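Bear in mind these aren't lab numbers, they're just calculated from the coordinates by the rules spelled out. Small disclaimer: the values here were computed from a predicted structure and weren't measured. With ideal geometry, Cβ positions are generated from the backbone for all residues, glycine too; neighbour counts draw on all protein chains shown.
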Amino acid sequence: MTFALATLAFLAAGWLAIVALAQTAEDYGLKVREALSGTPRLVLPAIAGRLSPRYPARRTVRPQPRPAWRAAA
């Protein structure tokens, strides 16, 4: 009886895996077909807004050589 239940569980798990893979492949195929046809599935409206950095951009500061280093060179 144990082998019969194990076989039933194995077949049920296999069936669920096949159904899940088929559904995934169907969704993926639909997306590929829409992309190739050029018709968008979901059209999002454009968002108008102004983007500004939170902190102002800084210029990089070049290190100034110290006088002692100049004399050594």
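Listing for the model above:
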| quantity | calculated |
| --- | --- |
| Sorted by Cβ neighbour density within 10 Å, fewest at the top, the residues PHE10, PHE3 | PHE3, PHE10 |
| Using a Förster distance of 35 Å, the FRET efficiency for LEU8-LEU30 (Cβ separation, nearest 0.05) | 0.60 |
| Within the range 10-50, trypsin sites (Lys or Arg not before Pro) in DSSP loop having at most 16 other beta-carbon neighbours inside 10 Å | ARG41, ARG50 |
